[in-house]
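As C-alpha cells, the structure follows; a few thoughts come after it.
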Amino acid sequence: MHLTIRNLKKSFHSNVVLDDINLDIKQGEVTVIMGRSGCGKSTLLRCMNGLEQIDAGEIYLHDTLITKRGSNDAHWVDIRKRIGMVSQSYDLFPHMNVLKNMILGPMKVEKRSKKEAVQDAVRLLERVGLSDKITAYPRELSGGQKQRVAICRALCMHPEIILFDEVTAALDPAMVREVLDVIRSLQNQGLTLIVVTHEMEFAEKVADQIVFMDNGKIVEISTPRQFFYSPQTVEARRFLNLPIDDAILK
Amino acid sequence: MDTDSVFDLIPIFARASAVTVWIATTSIFFAFTIGLLFSIALFFKTPVLKSIVHAYVAFFRNTPSLIQAYFVFYGLPKVSVQFNSYTCSIIVLSLIGGAYMSKAIYSGIKAISTNQLEIARAMGLSKFNMVVHLIVPQALSISIAAITNNSIFLTKEVSAMKIILLPEIVYQAFAIIGLRTDLTIPVAVLTVASYLLILLPMSYLFSRLERKIRFAEFGG
Ligand SMILES: Nc1ncnc2c1ncn2[C@@H]1O[C@H](COP(=O)(O)OP(=O)(O)OP(=O)(O)O)[C@@H](O)[C@H]1O
Ligand SMILES: [Mg+2]
C-alpha cells in the first residue's frame, strides 16, 4: 500500500469538512476523487501534503506515519518532495520564464545542480510538446500550455505521488484534452496519481478506483465500471443523474 | 555676504546640491533597507515585531519631519546623545522613508497571489527561498512606482533639515536672502534650478529602472 489514510477528521471551526476518512491508495494506480462542490475533495488532498493540519486520524506514506502531531513545515519538506501537487489555477511564478519555474524546486529544495535540473526540464518540456516555450513567460502561454508547464514543474521534483486538483476546471474543452493526455501519459510510469476531476470520460477510462465523496464522507469506493454503471448509493446515483430505484432506497 | 554677481552664487548652490544629493541617496538606501525588512516581518506576522512595525510606521508617517529632526538634534543632547546635522538628517530621513517604504513594499507583497505561495510551500520551498526568489522580486516590481515616489519625496524632504542647520539647498537660499534681499529673484531661480537638476535625472533613472524591472520580471 502506498498511501494509507485512517480515520481522518478535519473541521474548520464547527464545520466538519472531512469525517472519518479511510482510504487505501496503491502504488502506480490512478485514484479519481469525485463529488459535489464543497464536499471536501480539495481539503482531503491538502491534508495529504500537510497544507492543512488534520484534527484526528493518521496518514501513512508506505509504512511511515506522516501526520505526526504538531509537525511543522520542516518535517513536511521531505514528504512534499515525494508528493507533488498541481492545482486549477496553474500558479506558475509570473516573474520567471518556463525554465526558471521548473528548475527552482529541484535546485532549491532538492539541491540538484543547475545543469542537471535544466536537462531534466528540457526533456520534460519536449515530452509535452512545449520545447519552443522554454524561455516564454507564463503570461505568454495559453491556459492549457500553462497547465502542462505546471505539471512538468511538479514532475521535475521526481515525485512518487502527484495530487491533481481540478486541473482542467479553468480550461476550455480543446485544452482540457491536451492536459488530460499528459496526465494519462504518466499512468504507465509507476507514478501514483490522485486526481480530483469532474471529467467523467477521463475518470472512466483512466481510473483504477473511483472515490466518491459526499458531505465530508467517502460514501463509495469502486471501479469505474461499477461506479458509472451500477453505483451502490443514492448519493452517487443522484450525482450521476441516474434513476433511483426502490431497491436501493431500502 | 560679499557676493557681487549672480555667478558667485553658483558654487554655493553647487555645494548645497551636493549635500542634498548625498543626504538623500544615503537616506533612500537606508529607508529602502528598513522598508524591505519590515514589510517581510509584517508578511510573516511575527507577533511582537508586527506591533512594533505598526507603531513605528504610524508615528513617522503622522508627525512632521521638522519636529522629528528638531527632537533628535536638540532634544537628544539633553540625554547626552549628540549627532552632527548630517548624521541627524540621515537618521531622521531614513526613519521617515523607512515608514513609507514599508507601506509601499508591503502592499506589493500583499498583491502576490496566495495560491502561488501555497504551491511553493507544497513544493517544499523554505520560507527563506520563498522570500528571496518569489516574494522580494515580485513585491519590488509591483511597488516600484511607489518606491520612486517615496524617493523623490525624501529628496525634497531634505530641505526640512534646514531647521537643524544642514547646509542643503533651501538652507543656503534662506541664508543668502536673509543678508541680501536684492538677490531674492536669482536665488529663487537657482533654488528651483538646483532641484530640477537633481530630480529630473533621478526621475529618469527610476523610470529606466522601472521599465527594466518590469521587463525582466514579467517578460515585457
Ligand atoms: N481554509 C478554510 N477555512 C474555512 N473553511 C474552509 C476552508 N477551506 C475549505 N473550507 C470549507 O470546507 C468545505 C470543503 O471545501 P473543499 O474546498 O475541500 O471542497 P471541494 O470538494 O474541493 O469543492 P470544489 O469542488 O468546489 O473545489 C467547504 O464547505 C469550504 O467552505
Ligand atoms: Mg476543490
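The values are calculated or read from the model by the stated rules, or taken from the named source; none is laboratory data. The model shown is predicted, which means the values in this text are computed figures rather than measured ones. Cβ coordinates were reconstructed from backbone atoms using ideal geometry, including for glycine residues, and neighbour counts include every protein chain displayed. These area figures cover heavy atoms from the full protein model, side chains too; ligands, DNA and RNA do not enter into them. Shrake-Rupley method; radii C 1.70, N 1.55, O 1.52, S 1.80 Å.
Taking all protein chains as shown and a probe of 1.4 angstrom, residue A:126 keeps an accessible surface of around 120 Å². Interface size, chains B and A: roughly 2100 Å² of accessible area buried, both sides included, 1.4 Å probe, rounded to the nearest 100.
Can you tell which of B:51, B:94, B:151 shows the greatest fluctuation in a Gaussian network model of chain B with Cα springs below 10 Å? Maximum among the listed residues: B:51. Equivalent ellipsoid of the protein assembly as shown: semi-axes from √(5λ) of the C-alpha gyration tensor, largest first, are 62, 24, 18 Å. Legend: residues in the range B:94-126 shielded by at least 10 square angstrom of accessible surface upon adding the remaining protein chains to the isolated chain (1.4 Å probe, heavy atoms) are B:115, B:116, B:118, B:119, B:121, B:122, B:123, B:124, B:125.
For a test of the definition: using alpha carbon positions, the gyration tensor, and the 1.5 limit on a/c, classify chain B as rounded, prolate or oblate. Judged from the Cα gyration tensor, chain B comes out oblate (a/c at least 1.5, b/c at or above a/b). Using 10 Å bins from zero, what percent of all Cα-Cα pairs in the range A:17-132 falls into each bin? Calculated over all Cα pairs of the range A:17-132, the distribution is 10, 34, 33, 20, 2 percent. Sequentially through the range A:9-25, phi angles give Karplus couplings (6.51, -1.76, 1.60; θ = phi - 60°) of 10, 8, 10, 10, 6, 8, 8, 6, 9, 10, 10, 6, 8, 10, 8, 10, 10 Hz, Gly and Pro residues having no value and appearing as x.
Cβ-Cβ distance of residue B:182 and residue B:204, R₀ of 30 Å, FRET efficiency by 1/(1 + (r/R0)^6): the value works out to about 0.25. Taking every protein chain into account, the accessible area of the protein assembly as shown amounts to 47 square angstrom per residue (probe 1.4 Å).
In whole percent, and with a 1.4 Å probe on the protein chains, what portion of the accessible area of the range B:6-212 is carbon and sulfur?
On the way: 7370 of 10210 Å².
Taking all protein chains in place, the range B:6-212 shows 72 percent carbon and sulfur surface.
Annotation note: trypsin sites (Lys or Arg not before Pro) in the range A:96-186 located in DSSP loop regions with a Cβ neighbour count of at most 15 within 10 Å are A:111.
Obtain the nm distance between the two label points defined at residue A:53 and residue A:241 by a simple spin-label model: each point lies 7 Å from its Cα along the Cα-to-C-beta direction. Using points 7 Å along Cα→Cβ, the separation is 4.3 nm.
As an exercise, use a Förster radius of 41 Å and the Cβ-Cβ distance of residue A:234 and residue A:136 to find the FRET efficiency, rounded to the nearest 0.05. Could the numbers behind the result be given before it?
On the way: r = 49 Å, r/R0 = 1.19.
After rounding to 0.05, the efficiency reads 0.25.
Spatially, the range A:100-167 and the range A:174-250 are offset by 28 Å when compared through their Cα centroids. Solvent-accessible surface, computed for protein heavy atoms with a probe of 1.4 Å, shrinks by 30 Å² or more for the following residues of the range A:91-116 when the other protein chains are added to the isolated chain: A:91, A:93, A:94, A:95, A:104, A:108, A:109. Label-to-label distance, residue B:74 versus residue A:60, with points set 7 angstrom from Cα along the beta-carbon direction: 7.7 nm. Of all the accessible heavy-atom surface of the range A:1-131, with the other protein chains kept in place and a 1.4 Å probe, what percent is carbon and sulfur? With neighbouring chains kept in place, the figure for the range A:1-131 is 48 percent.
Inter-label distance, residue A:170 to residue B:84: 5.7 nm, where each label sits 7 Å from its Cα along the C-beta direction. Remark on the range A:35-83: accessible area falls by at least 50 square angstrom from chain-alone to full-complex state for A:51, A:80, probe 1.4 angstrom. Comparing Cα centroids, the range A:28-77 and the range B:79-155 end up 35 angstrom apart. In sequence order, the range A:231-242 has phi-based couplings of x, 8, 10, 4, 4, 5, 5, 4, 4, 8, 6, 9 Hz under the Karplus curve 6.51 cos²θ - 1.76 cosθ + 1.60, θ = phi - 60°, and Gly or Pro positions carry x. First check a/c for the range A:5-67, with a ≥ b ≥ c the square roots of the eigenvalues of its C-alpha gyration tensor; if it is under 1.5, answer rounded, and if not, answer prolate when a/b is larger than b/c or oblate otherwise. Taking the square roots of the gyration eigenvalues as a ≥ b ≥ c, the range A:5-67 is oblate. Relative to the current alpha-carbon distance between residue A:223 and residue A:29, full extension at 0.36 nm per residue lengthens the span by 68.7 nm.
Per-residue ellipticity at 222 nm computed for chain A from its helices equals -10500 deg cm²/dmol, with DSSP H segments shorter than 4 residues left out and the rest contributing -39,500 (n - 2.57). Converting phi to 3J(HN,Hα) with the Karplus coefficients 6.51, -1.76 and 1.60 and the offset θ = phi - 60°, the range B:66-77 yields 4, 5, 4, 5, 4, 5, 5, 7, 9, x, 4, x Hz in sequence order, with x at every glycine or proline. Let me know the shape class of the range A:3-249, please: from the alpha-carbon gyration tensor, a ≥ b ≥ c as square roots of the eigenvalues, rounded when a/c is under 1.5, otherwise prolate if a/b is greater than b/c, or oblate. The shape class here is oblate.
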